[in-house]
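Comments concern the structure below.
Derivation of every value follows stated rules applied to the coordinates shown; laboratory data play no part. Keep in mind that this is a model prediction, so the values were computed, not measured. Virtual Cβ from ideal backbone geometry, glycine too; neighbours counted across all protein chains shown.
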Amino acid sequence: MDKPNGKFVTIEGSEGVGKTTNIEFIQSYLKAADIPFLLTREPGGTPMAEELRELLLCEREEPVSEDCELLLMFAARAQHIQQVIKPALQAGTWVLCDRFTDATYAYQGGGRKLPLDKIASLENLVQGTLRPDLTLLLDVDVEVGMSRAKGRGKLDRFEQEKLEFFERVRQAYLKRADQEQDRFRIIDAGCDLAEVQQQIKIALDHFSDHLMDRR
Ligand code: T5A
């Protein structure tokens, strides 16, 4: 029998929700369950896509056109999918990705107000049928998230946006979660870390049970 494909798990949320902090917990969970996985991130995940990340995040005087930002996000994603994500999934390795296309819908769609059908066209072009199997959406009050992000020091080009921008990002994420309830799990990231991780554990247990039931 062919080896089953790996599962594609993404972690999303607005600024300072605690993705990096909680990814460590998710990695320990997968290790304990003996699941082979690869940790990666967007924008980035390959040397060339990381260069595009630098271009996207660095502060610059020249205003960045919304379309340029959108196309660079998908350019980085195309490279990442071809070089890293697809080969790993085909080899039976799970892919744990810090942000993916839901971030484009939230930041470029919600935040920058780009038409969602434009994003959907690029999503279909670049990804074909590839979609995450599970998305953990860490959700927290925007002001709480921003004050956590500011505590880390220098802010990148996105982190310098106004609160209203991040409020639109948050609402766009919540709307997507509502539209795709089978794929998304919303995690209340406003509580203390132990409670956040308990919610993540329940979501991962539920996902694993669901996979077992389908065997
Ligand atoms: N982007 C990305 C787009 O616009 N479109 C796209 O398509 C994609 C893919 C880079 C940027 O790119 C944009 C969105 C982003 O602005 P990123 O590097 O993932 O993406 O950006 P960040 O959101 O800045 O991610 P970070 O990894 O920097 O932040 P985290 O991981 O959410 O936050 P983290 O874990 O560093 O935590 C922040 C602080 O809060 C504390 C932590 O200890 C840390 O100090 N903390 C808590 N404190 C109290 N209680 C808790 N429960 C806590 N959880 C964490």
About the Cα centre, and with charges only on the beta carbon of Lys, Arg (+1) and Asp, Glu (-1), how big is the dipole of the chain? Nearest 20 debye, please.
420 debye
With a Förster radius of 30 Å, plug the Cβ-Cβ distance of Ala120 and Ser208 into 1/(1 + (r/R0)^6) and report the FRET value to the nearest 0.05.
0.50
Share of pairwise Cα separations in the range 61-142, more than 18 Å, in percent:
47 percent
All lysines inside 23 Å of Lys113 as judged from Cα atoms, apart from same-chain residues fewer than 8 positions distant:
Lys162, Lys175
Two-decimal Rg/Rh of the range 1-159 from alpha-carbon positions, Kirkwood Rh?
0.97
Taking amide H atoms as placed 1.01 Å from N in the peptide plane, list the residues 5 or more away in sequence, or in a different chain, whose amide H sits under 5 Å from that of Gly92.
Gly6
So, with points 7 Å from each Cα along the Cβ direction, the Thr129-Glu54 label distance in nm works out to 3.8 nm
What nm value, rounded to one decimal, do you get for the distance between Asp192 and Glu164 when each label is placed 7 Å out toward the C-beta?
3.8 nm
So how much slack lies between Gln181 and Ile35, counting 0.36 nm per residue of separation and subtracting their Cα-Cα distance, in nm?
50.1 nm
